[in-house]
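A.B. asks: Dropping a structure here in structure tokens format, bear with me for questions.
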Amino acid sequence: MSDNALKPVPAHVAIIMDGNGRWAKAKGLERSAGHFEGVNAVHRITEAASHLGVKYLTLYAFSTENWNRPQEEVDALLNLISFALERETPGLIANNARLEIIGDIDRMPEEAQQRLRRSMAATAHGTGLTVVVAFSYSSRWEITRACREIARKAAAGEIDPETITDETVSQHLATASYPDPDLLIRTGGDMRLSNFLLWQVAYAEIFVTDTYWPDFSVDEFKSAIDNFRCRERRFGRTSEQINHSL
């Protein structure tokens, strides 16, 4: 058995699904065609993550900045994401997976909110893979919201400001129920975090591919996993310290 085979798969994988629009443009299609094809990529990568033993898969579907896109594209994205999650719900149930949403979904139309909540309720019993969809999400929004809640509790005497730690902040984030990502994948080639899980990915391993999200294959996903398993995660320590603790 190789050393790589002894290393576990990442418990939590986060993905910035970028390149839908550029994929469509390269093919002479409308941007909506790229978003639609991106839904198929979500399906295959979610299934692959479940089969590989990943416990949490967080997908960056729609940022708070995306509300600034042309209204026609925003409306199409809202409808497509709601439709896609409804379409995937039976498969998630069959695979014992659970769907959860993080983000400011109160900004969504009421009908879209209800559709998302129905999908979450239908999969709530799942104990396998947890699929977390970041929708109407940004990390600055999330951290600001956490600061407000901590400040409110401090003002009410529920928290002693002197006892606030990084764990206190983590417990007030939208991701409080999940471990921090071990691996962050970004498709589309851009080398930035785009306001995604800024607090949580402090020690995540990062894998960037030029492949646009609609073309991101199961094989490339597995390659990212294998790349992760070959890396030494030191968390500020030296290699010697890590080897001594094994």
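A.B. asks: Among the residues of the stretch 204-246, how many are modelled with pLDDT under 95 and among the aromatic types (Phe, Trp, Tyr)?
C.D. replies: Final tally of qualifying residues: 1.
A.B. asks: Quick one: count up the residues across the stretch 100-131 that are surrounded by 12 or more Cβ atoms within 10 Å (Cβ to Cβ), touching a strand residue (DSSP E or B) at 6+ places or on another chain (Cβ under 7 Å) and under 19 Å from Ala49 (Cα atoms).
C.D. replies: 8
A.B. asks: Quick test of your reading of the structure: Lys25 fulfils all but one of (1) modelled with pLDDT of 90 or more; (2) over 21 Å from the mean Cα position of the chain (by Cα); (3) not in a helix (DSSP H, G or I). Name the failing condition by number.
C.D. replies: Just one mismatch for Lys25, condition (3).
A.B. asks: In the stretch 118-164, what residues are farther than 30 Å from Arg98 by Cβ and of a type in the set (Val, Ile, Thr)?
C.D. replies: Those that are farther than 30 Å from Arg98 by Cβ and of a type in the set (Val, Ile, Thr): Ile159, Thr163, Ile164.
A.B. asks: Still on this structure, I have one more. Checking the condition under 19 Å from the mean Cα position of the chain (by Cα) and either more than 30 Å from Lys7 (Cα to Cα) or not in a strand (DSSP E or B) (or both), which residue from Ala134, Ala124, Ala154 passes? Can you show your working first?
C.D. replies: Details: Ala134 fails: either more than 30 Å from Lys7 (Cα to Cα) or not in a strand (DSSP E or B) (or both); Ala154 fails: under 19 Å from the mean Cα position of the chain (by Cα).
On inspection, the qualifying residue turns out to be Ala124.
A.B. asks: Next question. Scan the stretch 28-52 for residues that are in a helix (DSSP H, G or I), without any contact (Cβ under 8 Å) to a residue 24 or more places away in the chain and loosely packed, with under 15 Cβ neighbours inside 10 Å and jot them down.
C.D. replies: His51
A.B. asks: Is it the case that the stretch 169-181 has a residue that's modelled with pLDDT of 95 or more, small (Gly, Ala, Ser), surrounded by 14 or more Cβ atoms within 10 Å (Cβ to Cβ) and in a loop (DSSP other than H, G, I, E, B)?
C.D. replies: Yes: the stretch 169-181 contains one or more residues that are modelled with pLDDT of 95 or more, small (Gly, Ala, Ser), surrounded by 14 or more Cβ atoms within 10 Å (Cβ to Cβ) and in a loop (DSSP other than H, G, I, E, B).
A.B. asks: Just to be sure before I move on: is Thr58 over 14 Å from His35 (Cα atoms), out of contact with any Gly (no Cβ under 7 Å at 6 or more places or on another chain), in contact (Cβ under 8 Å) with a residue 24 or more places away in the chain and in a strand (DSSP E or B) in the structure I sent?
C.D. replies: So Thr58 passes the test.
A.B. asks: In addition: Among the residues of the stretch 134-146, is there at least one that is more than 21 Å from Pro214 (Cα to Cα), of a type in the set (Lys, Arg) and at pLDDT 95 or above?
C.D. replies: Yes, the stretch 134-146 contains a residue that is more than 21 Å from Pro214 (Cα to Cα), of a type in the set (Lys, Arg) and at pLDDT 95 or above.
A.B. asks: Restricting to the stretch 182-200, name every residue that is surrounded by fewer than 19 Cβ atoms within 10 Å (Cβ to Cβ) and either of a type in the set (A, V, I, L, M, F, W, C) or touching a Ser or Thr at 6+ places or on another chain (Cβ under 9 Å) (or both).
C.D. replies: Listed by number, the residues that qualify are Gly189, Met191, Leu193, Ser194, Asn195, Leu198, Trp199.
The values are calculated or read from the model by the stated rules, or taken from the named source; none is laboratory data. On a predicted model such as this, the values are computed, not experimentally measured, just so you know. Backbone-built Cβ (ideal geometry, glycine too); neighbour counts: all protein chains shown.
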